[in-house]
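Every read-out reported here was derived from the displayed coordinates using simple, explicitly stated rules and does not represent laboratory data. None of these values were measured; they are calculated from a predicted model. Cβ: placed from backbone, ideal geometry, glycine included. Neighbour counts: every protein chain shown.
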Amino acid sequence: MKQIIITLTLLSSLYANQPVMLESEEGIDPCALSKVQGLDPRGDGFLAVRSAAGSSHAMIDKLYNDQQVWACDVDGKWIGIVYGEKCDYPTSYSPKQAYRGNCKSGWVYNKWLLQIAG
């Protein structure tokens, strides 16, 4: 019984979903335009997008060098991003709230993002 509880706890943390939170003040964008950079094409060649901040969480997507994303949230060394083609840019969010637009969202390790505007 104890092993089942531990296994269920580990599985629930693996598939946990941490929403990307957005907050902005008047006249200030809630997110910064960034791009994926520095990935080794001879290595994995992709940046894992996770369901929550941390490498133990489920990978929900892959990004590649030069793809642009909106960096909107921070949790330690992890960045909450909003991304995708033909999606609405996250604009004014007050008070702080979870992103619920038509873009994809998730978490990436900060080492592989370069802020280019915002």
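Here ILE28, ILE79, ILE60, ILE116 are placed in order of increasing Cβ neighbour count within 10 Å, fewest first, which gives ILE28, ILE116, ILE60, ILE79. Along region 65-71 the Karplus relation, 6.51 cos²θ - 1.76 cosθ + 1.60 evaluated at θ = phi - 60°, assigns HN-Hα couplings of 3, 6, 6, 9, 9, 9, 8 Hz to successive residues, with x for each Gly and Pro.
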